[in-house]
Amino acid sequence: MKKEKAVVVFSGGQDSTTCLFWALERFAEVEAVTFDYNQRHRLEIECAQNIANELGIKHHILDMSLLNQLAPNALTRNDIEVKDGEDGELPSTFVPGRNLLFLSFAGVIASQIGAKHIVTGVCETDFSGYPDCRDVFIKSLNVTLNLSMDDSFVIDTPLMWLNKEETWELADRLGAFEFVREKTLTCYNGIIADGCGECPACKLRQKGLVDYLSKRKES
Ligand SMILES: [Zn+2]
């Protein structure tokens, strides 16, 4: 284990919780940061808090409600329905540059708490249409953060090239399979663990889980 400190961008979902376990395995000290921008479900914040408490991790919750002013869309306003993007359009949950903002604030926290590593669960494999989740953007931002604060942060993206099945596999290897399955929230309808089973987020999570379980059975 490295003696270094890490801050994990943490939403209480499958991906960022897996990243939290990944960081706990690697770094001497781990803290988490969650961005509060009036998510559809307060449960998302509660879920993140409960996980951080259970793992004994210091948890920073940042008020990002200004995002509502910038992007009055389905993620932040209850009166607009969540829709999948059609014909290559971005889904209606799209907030331009959201990840740029979140990672920049995570960088400020990292600087203040003396963390060298910033861990994020962004992933290019199931490319969602978010340009600021791509590997090239993360590398670019890493350089920019270091220049802006005259520091030498490392942005870690353990899930960047994994599909959902492989993310379950990683959780299992970290001894966190049951924890991630039972305590995280991915569902757009705010149902913890296996979720509603109907929304796009549940379907993606479920498919990965089924694929992984059948692979685990074979081996
Ligand atoms: Zn769901």
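Derivation of every value follows stated rules applied to the coordinates shown; laboratory data play no part. Note that the structure is predicted; figures quoted are calculated from it, not measured. Please note: Cβ atoms are built from the backbone with ideal geometry, for glycine as well, and neighbour counts cover all protein chains shown.
So the values come out like this:
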quantity	calculated
Rounded FRET efficiency, nearest 0.05, which uses the C-beta distance separating residue 113 from residue 194 and R0 of 35 Å	0.50
Amide H within-cut-off set for residue 155, under 5 Å, with H built and near neighbours excluded	118
Full-extension gain in nm, residue 50 to residue 36, via 0.36 nm per residue minus C-alpha separation	3.5 nm
Cα pair distances exceeding 31 angstrom across the chain, given as percent	16 percent
Residue 151-residue 203 pseudo-label distance in nm [points 7 Å out on the Cα-to-Cβ vector]	4.0 nm
Residue of 194, 132, 150 that the Gaussian network model of the chain assigns the largest fluctuation, springs spanning Cα pairs under 10 Å	150
Percentage relative contact order, the chain, counting C-alpha pairs under 8 Å, at least six apart	21 percent
Potential lengthening between residue 173 and residue 26 on full extension [0.36 nm per residue; Cα-Cα distance subtracted]	51.6 nm
Point-to-point label distance, residue 144-residue 63, nm (Cα→Cβ direction, 7 Å offset)	2.6 nm
